[in-house]
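The structure appears right after this line, and notes come after that.
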Amino acid sequence: MSRFAKIVKLDQKAVKTLSESYQLGHHDEITYEYKSERGLTAKMVADLSSRKNEPEWMKELRLRAFGLYEMMPMPGWVPDMSGINWNEIYYYLAPTKGTSKTWEEVPDAIKKTFDKIGVPQAEREMLSGVKAQYDSEVIYGSLRKSLSAKGVVFLGMDDGLAKYPELVKEYFSRIVPLGDNKLAALNSAVWSGGSFIYVPKNVEVELPLQAYFRINAENAGQFERTLIIADEGSKVHYVEGCSAPAYSSGSLHAAVVEIIVKKGARVQYTTIQNWYKNVYNLVTKRAWVEEEGQMRWIDGNLGSRLTVKYPACILAGRKARGETLSIAMAGSGQHQDAGAKMIHLAPETTSQIISKSISKNGGRATYRGLVKINKGARGARSKVVCDALILDPRSRSDTYPTNIILENEVSLEHEATVSKVGEDQLFYLMSRGLPEHEAEAMIVNGFLEPIMKQIPLEYAVEMNRLVELEMEGSVG
Amino acid sequence: MALEVKGIKVKIEGKEVLRGVSLEVKAGEVVALMGKNGSGKSTLAYCLMGHPKYIVSKDRGTAIRLDGLDITQKTPDERAKAGLFLALQYPVSIPGVSVREALLASLRSRGEKISALELKKRIEMEAEELSMSEELLKRSLNEGFSGGEKKKMEILQMRILAPKYAILDETDSGLDIDALKIVAEGASYMASKKKTGILVITHYQRLLSYLKPDRVLIMNLGKIAKEGGVELATELERTGYKQYE
Amino acid sequence: MKYQRVVVLDKPGKKDLVVDFGREGEEVEVLGLVIADQPGDYYLKILVDHKIGKTFGRVMVRGIAKNGAKIQVEGMIKIVKDANGVDDFLEMRLLLLDAKSQAVAEPKLEIEANEVKASHAATVGKIDDEELFYLQSRGIKQGEAEKLIVTGFLNQVIDKIEDPIVKSKLKAVEY
């Protein structure tokens, strides 16, 4: 405990009330067009596809995926997910057109968080599940006009499939095959919502494209499927998620993101995830990078009960470059199991992984990474840096990197450090008048700074504030 | 109006390092504290600022008072708010945090309403006066700074925080003559114009040629061994510390 | 209390070393060498298990692989919840001397205490071109230069070995 400050007691009553009212929300009368019975059947999968009027090949793909999902065991190397009862989880198979919840029913603590972070009203309502549609006709309308003038396609995945079936067929589940892992198979079978983006040759999209700009944003995105195709020489930045706590009625999120980075293209995908603390967030994200292409994943993991995510890059063309910058913050009752995978298939490919994690109040932050340099990938270089801060004696940090080098004309460097916030640093900032928790928050933000500065400013500011908020509860 | 220190006793790992130190620094006064290595000077500086590693024994006579306010049990940030500043001998680096961010937070935490832009201008002005390169202001605080640059950064922060009493812990070590003059001028200015009481800890007389003390205290084996005027410092230069042992 | 453990793996096979601590204040230095010059799998596993606080560890592993050897080095530092005041550093460096050889490096950490310092570093690569060039520019033939570099590389560990017999045996080998 702290020698500096007075003990701050956790408001037990508030926490209890919060989880109670959350339970209420879970079983609330949310009207869905179609709600599955417990468990999932092939017929439900087929019906889903029919209702969406999907092409036959997509229906077959879903059914094949479902078959694989049933057969496959959970992958051996992931953390304990025995808490998920696969038969009990509701698979919401149709988007909601509107919910019967009101802003008033949203728990106070969540409203307060929105206040502190400064999230605009409309966003709040959407994020808390009150409005399924983001009322952004005006903004979205003009955005779409300027994008389509350049030939950029930015649609919901369902729309994308309907309007560009050939393009989708060419790439869908090519980068994350149906049988890649059990969760990807599940997603491929029941996916709904997500984004479809196509950027034509040599087009640079200046504004970051944001997930909530899509009209008809489906409910909570449990099984979102995103496909981004960046044609040769193009540039695009996609931002998913928000630092405001996302209040979700579904407790399992199994999303899949596939990205093709063609020759010379540059793609950045930023995620800031702050799902409410009951969510199991299991995501498969993978980019296929061709010659001289550059892919950068920025992954901020703050919420959820368990997040399992290893944004990966397959560096398939000469001089392809992949980067994953990952931040994980694990608080009470949370396990962030995150990291990255870089597979070097071609010569002179480079990769960089920077992982910064913080565990506090009994949380557990795990880095799991893979760097594989295949035979023939001559001149490949990879650098991995993982730093972890453990803020108190109850918390835990693990690092499990695997580096497989099958080619000798390469270089791989890996370093990891685990430490706590330095007493001398704390004293220094406190001697300049900062109270202890503020000093600690400042040091923690400084620790995250190398990655934060790669995130668009508004999100970085929100994230910083969120980290500070999280830190407030950590003294005592 | 003074910083009063009475009967400070400190044990480190069972060994007595400070054995009852008492001194006083009045507003606007410059008091030099000298002593050889191991005499306890830096330990005293840390104690006055409230570093948790040094546990001050709670004897009846033990007290630290700033303008009458008892700060003996206060945390470092509370002492800073009360108007105390410590320029460290070995300033730590804080990765990812710039001097502007740190100062903004310090000023705001004591209720001063200053805009980031205003602060930026003030910092740049002070940096120029201290002959510090602007580039240092953008970097993480003290990261990759030379010894001299770190010391100047401490003085810059002191000037902006404008404390009532400042302790300079071996601020002269690692500085060349030009830097020394600049630092000394900065501190003198605070004492004469802002009435900051300054306790300057050093074991060389050199700094004191530029930052003229009103009184000189000599510390030995955890206690104040002698007190005198500025001539004590010059004498020390001739005779060394042996006579005080 | 300071002591040293040395493990040398110079034939295909597996060696498993577990280091634990009896009481506070103990310091252990682990020196590991993998000399893999035949085709086959070489697997070195080291676990430094801190169940007691105020213990210190330093692990240094150097490995070379050639002639189709496949080496795998796994180094784990574990610190349990109440083991505060632990300071540990693990370093593994592996050199691949030809195109037929392969390496897998797995430096791991499981840390449950927070008043600790734990870090690790791993590198895998080939002989540095700059070093080679430097020696060649002093008139040393490539083959000789490589031998010198490899010997220097392994000596970073061998020179620290306290047991004179083990040390001299290793120093006598030509790499």
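Dipole of segment C:2-126 computed with +1 at Lys/Arg Cβ and -1 at Asp/Glu Cβ about the Cα centre; of C:114, C:94, C:55, farthest Cα towards the positive end is C:94. In degrees, nearest 10, range 0 to 90: what is the angle between the Cα axis of helix C:142-158 and the longest Cα principal axis of chain C? That works out to roughly 20 degrees.
Among the GluC sites (Glu not before Pro) within segment B:1-89, those in coil by DSSP and having at most 14 neighbouring Cβ atoms inside 10 Å are B:13. Counting every other Cβ atom within 10 Å of each residue's Cβ, B:169, A:158, C:37 order from fewest to most as C:37, A:158, B:169. Working note: Cα gyration tensor of segment B:76-182, eigenvalues times five, square-rooted, sorted largest first, giving semi-axes of 20, 17, 13 Å.
Charge dipole (Cα centre; +1 on Lys/Arg Cβ, -1 on Asp/Glu Cβ; no other charges) of segment A:345-476 amounts to roughly 580 debye. Only the Cβ atoms of Lys and Arg (+1) and of Asp and Glu (-1) were treated as charged; on that basis the dipole of chain B about its Cα centre amounts to roughly 740 debye.
Using only the Cα atoms of segment A:302-391, each taken as one equal point scatterer with no solvent, compute I(q) by the Debye sum, divide by I(0), and report log10 of the ratio at q = 0.11, 0.24 Å⁻¹. Scattering profile of segment A:302-391, log10 relative to I(0): -0.34, -1.00. Other residues within the sphere of radius under 11 Å centred on the Cβ of residue C:65, judged by their own Cβ, net out at +1 (K and R +1, D and E -1).
With 10 angstrom as the radius, rank B:47, A:313 by how many other C-beta atoms surround their C-beta, starting from the fewest. Kindly include the intermediate steps, with their values, before the conclusion.
Values: B:47 23, A:313 30.
Placing the least packed residue first, the sequence is B:47, A:313.
If you count the DSSP beta bridges with both ends in segment C:2-126, what percent of them are antiparallel, to the nearest 5? Can you show the working numbers first?
Numbers: 0 of 66 bridges.
Expressed as a percentage, antiparallel bridges in segment C:2-126 total about 0.
With Cα atoms as the point set, segment A:248-348 shows a radius of gyration and Dmax of 14.6, 46 Å.
Give me D for segment C:7-100 in µm² s⁻¹, whole number, from Stokes-Einstein with Rh from the Kirkwood sum over alpha-carbon pairs, 4 °C and 1.567 mPa s. In µm²/s, the coefficient rounds to 93. From its DSSP helices (H runs of at least four residues, each -39,500 (n - 2.57)), chain C gives a residue-normalised ellipticity at 222 nm of -6000 deg cm²/dmol.
Here is the link list: B:152/C:2; B:36/B:181; B:138/C:108. Which ones come out longer than 32 Å on Cα distance? It would help to have the intermediate numbers written out before the result.
Numbers: B:152/C:2 42 Å; B:36/B:181 23 Å; B:138/C:108 35 Å.
Table pairs above 32 Å Cα-Cα are B:152/C:2; B:138/C:108.
Within the listed set B:31, B:97, B:17, the Gaussian network model of chain B (springs between alpha-carbon atoms below 10 Å) gives the highest mean-square fluctuation for B:97. Annotation: lysines with alpha-carbon distance below 28 angstrom to residue A:52 (same-chain offsets under eight excluded): A:35, A:43, A:97, A:101, A:131, A:145, A:163, A:169, A:182, A:285. If you take the alpha carbon atoms of chain B and fit the smallest convex hull around them, that volume is 124 Å³ per residue. Among residues other than residue B:164 with Cβ under 13 Å from its Cβ, the summed charge is +4 (Lys and Arg +1, Asp and Glu -1). In straight Cα distance, which aspartates and glutamates are under 14 Å from residue C:160, not counting same-chain residues fewer than 8 positions off? Of all the aspartates and glutamates, those that pass the test against residue C:160 - Cα under 14 Å, at least 8 places apart if same chain - are C:29.
Answer rounded, prolate or oblate for chain C, using the Cα gyration tensor with square roots of eigenvalues a ≥ b ≥ c: rounded when a/c is under 1.5, else prolate when a/b is larger than b/c, else oblate. All intermediate terms of the calculation are to be shown ahead of the outcome.
Values: a/c = 2.07, a/b = 1.93, b/c = 1.08.
In terms of gyration-tensor shape, prolate.
Counting only residues at least eight positions apart within a chain, or on another chain, the aspartates and glutamates with an alpha carbon under 14 Å from that of residue A:277 are A:20, A:470.
Give me the percent relative contact order of segment B:144-245, please, defined on Cα pairs under 8 angstrom at least 6 residues apart.
Rounded, it is 23 percent for segment B:144-245.
Inter-chain neighbour count for A:417-425: the average number of beta-carbon atoms from partner chains within 10 Å of each residue's beta-carbon is 6.
Read-outs throughout are calculated quantities, based only on the coordinates presented, and are distinct from any laboratory measurement. In this text, all values refer to a predicted model and were calculated from it rather than measured experimentally. Quick reminder, even Gly has a Cβ in these numbers, built from the backbone with ideal geometry, and neighbours come from all protein chains shown.
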